[in-house]
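Have a look at the structure below, then the notes.
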Amino acid sequence: MNTKNRRSIATPLTLVAAATAVLSAESAAAHGLAGKRFFPATLATDDPFVADELSLPTIESRKMPASGDEAATRETSYSVDVSKRLTDNLGVGFGAVYLVLQPDGSDTQRGFDNLAASIKYKFYQNDERETILSAGVDWDIGGSGAKRVGAESFSTLTPALFFGKGFGDLPESMKFMRPLAVTGLVGLGIPTRSGTTSTSDEGEVSVERHPHTLEWGFAVEYSLPYLQSFVQDVGLREPFSRMIPIVEFAMSTALDRGASGTTGTVNPGIIWAGRYAQLAVEAVIPVNNRSGNRVGWIAQLHFFLDDLFPATIGRPVFGR
Amino acid sequence: MPVLAYACASALASPASAHAFLDHASPAVGSTVHAPPAQVKLWFTQKLEPAFSKAQVTDSSGKRVDQADARVDDGDRTVLTVSLPQLAPGRYRVKWRVLSVDTHVTEGDYSFDVAR
């Protein structure tokens, strides 16, 4: 098709759509925008945005320490996550993880972990303050994965609050801090079963208890695009002008049923945000021995569906 | 895998669409210029819709000082310019709100100084 002709046909339609967008006072509300702040999608902690996006793939590799009768295991996961807006402020998500477990001295196990589904509602956004708040529930669907890779037979529901704050409102004297932003969450992991009873070949009965957990984490990021566009042109050009150094903290604290303590990782890394997708890679550093004793890594390719397919799957199902 | 490879290639190839972010500007973001500029020129990462893309310049008291003629360049629709009168020394703020050709709205602002 002739590009010029296609453009001349599209222009009136585009203008109608443009007028609608402007008249509805709907500033860009898609993937991670609050005012002039672009927040990238984070890898280890969920962000507060309701968006049309696809993470495909996310690959993570970690060596987990020995625990009880279980040998130390190299755990590699391949994930896909998709999020879809139902309305501008309400969205759903689905995720699947394929696990490859390589225990020291044993055979490799492969299979899908439990599927995950989620719903999230953005209830507050202040563009001037670059602030956003949302609430949601994540559902780890018990029994939907393979037992051989440790998928639980019970579900876990995790209601959570999510937040995002950019520091573009700092005073002029602190202007080089303005590219900083924080996103994060606090949630309560609620297993649908308090414990699992099992009987060994010798007839010994054991009970594994499933505690409630506090799921918490945050990401601190310094946006070089923000620095370049709104604070000071320091001469960066692509690809550096689109990079966002980031450190994520992803934690889980056991609350009851005889369990205690916190496990988690600190993930320093870098995100490159393009027009339609972002690439990210982070180191995965365990915070204590229970969380692991070797540094792993995680990498992700993430697509902005609202930019790739603005007229079809990249827009809310209802409204607009 | 071919589908994934195609999606990756399409997404990273960056044709003209998606959110329009400021790529660079003249006077440069946060800069100090020694001669008053005749115009502010903004380069965006995407093509703009001329009817819905605006920019204005204010002085340190918040008073608008530009010539109110912000326009998208006919030859390069990623460029938005607005004319200025003879500016006195001081700090000025550029604010824009633009619409990319696929209807995503973005906005922003930055300052520059005119030296004495």
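The values are calculated or read from the model by the stated rules, or taken from the named source; none is laboratory data. Remember, it's a predicted structure, so these values are computed and weren't measured experimentally. Note that we place each Cβ from the backbone using ideal geometry, even for glycine, and neighbour counts take in every protein chain shown. What goes into the accessible areas is simple: the full protein's heavy atoms, side chains included, and nothing from ligands, DNA or RNA. Shrake-Rupley method; radii C 1.70, N 1.55, O 1.52, S 1.80 Å.
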(request) Please list, or write none, the aspartates and glutamates whose alpha carbon is within less than 13 Å of the alpha carbon of residue A:120, excluding same-chain residues fewer than 8 places away. (result) A:46, A:47, A:52, A:88, A:138
(message) About the Cα centre, and with charges only on the beta carbon of Lys, Arg (+1) and Asp, Glu (-1), how big is the dipole of the protein assembly as shown? Nearest 20 debye, please.
(response) 1400
(request) With +1 on each Lys and Arg Cβ and -1 on each Asp and Glu Cβ, and nothing else charged, work out how big the dipole of segment A:44-159 is about its Cα centre, in Debye to the nearest 20. (result) 260
(request) Quick one: give the max-minus-min coordinate of the C-alpha atoms of segment A:178-320 along each principal axis, largest first, in Å. (result) 68, 41, 27
(message) Residues of segment A:198-234 losing 50 Å² or more of accessible surface, assembly versus chain alone, probe 1.4 Å, please list them.
(response) A:229, A:230, A:233
(request) On the full set of protein chains, 1.4 Å probe, figure out the accessible area of residue B:52 and give it in Å² to the nearest 10. (result) 60
(message) Just to be sure I understand: with springs between alpha-carbon atoms less than 10 Å apart, which residue in A:171, A:48, A:179 has the highest mean-square fluctuation in the Gaussian network model of chain A?
(response) A:171
(message) I'd like to know which of A:133, A:151, A:185 lies farthest towards the positive end of the charge dipole of segment A:125-186, counting +1 on Cβ of Lys and Arg and -1 on Cβ of Asp and Glu.
(response) A:151
(request) Calculate one ³J(HN,Hα) per residue across segment A:283-290 by plugging θ = phi - 60° into the Karplus curve 6.51 cos²θ - 1.76 cosθ + 1.60, and present them in order as whole Hz with x for glycine and proline. (result) 7, 10, 10, x, 7, 7, 5, 5
(message) At R0 = 56 Å, how high is the FRET efficiency between residue A:121 and residue A:202 if r is their beta carbon distance? Nearest 0.05 is fine.
(response) 0.65
(message) Over chain A, with the other protein chains present, what is the accessible area per residue in square angstrom, probe 1.4 angstrom?
(response) 48
(request) On a 0 to 90° scale, report how tilted helix A:3-23 is relative to the longest principal axis of chain A, with both axes built from alpha carbons and the result rounded to the nearest 10. (result) 80
(request) Would you be so kind as to identify which of A:295, A:57, A:285 lies farthest towards the positive end of the dipole of chain A, taking Lys and Arg as +1 and Asp and Glu as -1 on Cβ and the Cα centre as origin? (result) A:57
(message) Need one number: convex hull volume per residue for chain A, Cα atoms only, in Å³.
(response) 171
(request) Kindly rank A:101-110, B:25-34, B:42-51 from highest to lowest mean number of other beta carbons found within 10 Å of each residue. (result) B:42-51, B:25-34, A:101-110
(request) For residue B:63, list the lysines whose Cα falls under 26 Å from its own Cα; do not include residues on the same chain fewer than 8 positions away. (result) A:36, A:175, B:41, B:54, B:95
(request) Check the straight Cα-Cα distances from residue B:47 and name the aspartates and glutamates below 14 Å, setting aside those fewer than 8 residues away within the same chain. (result) A:307, B:23, B:73, B:74, B:76, B:102
(message) Modelling each spin label as a point 7 Å along the Cα-to-Cβ direction, I'd like the residue A:63/residue B:34 distance in nm, to one decimal.
(response) 5.9
(request) With θ set to phi - 60°, apply the Karplus curve 6.51 cos²θ - 1.76 cosθ + 1.60 along segment A:134-149 and write out the HN-Hα couplings as whole Hz, x wherever there is a Gly or Pro. (result) 8, 9, x, 9, 9, 10, 7, 7, x, x, 8, x, 8, 4, 5, 10
(request) Considering only protein heavy atoms, with the full assembly of protein chains and a 1.4 angstrom probe, order A:294, B:116 by accessible area, largest first. (result) B:116, A:294
(message) Per residue of segment A:91-104, what does 6.51 cos²θ - 1.76 cosθ + 1.60 with θ = phi - 60° give for ³J(HN,Hα)? Whole Hz please, x for Gly and Pro, Karplus curve as stated.
(response) x, 10, x, 9, x, 9, 10, 9, 10, 10, 10, 10, x, 4
(request) Determine the total buried accessible area between chain B and chain A, counting protein heavy atoms only with a 1.4 Å probe; round to the nearest 100 Å². (result) 3100
(message) Under a crude label model (7 Å from the Cα following the beta-carbon direction), how far is residue A:70 from residue A:317 in nanometres?
(response) 3.5
(request) Go ahead and estimate [θ] at 222 nm for chain A from helices alone: -39,500 (n - 2.57) per DSSP H run with n ≥ 4, summed, over the residue count, rounded to 500. (result) -2500 deg cm²/dmol
(message) Applying a 10 Å radius around every beta-carbon, put B:56-62, B:98-104 in order of their mean neighbour count, most first.
(response) B:98-104, B:56-62
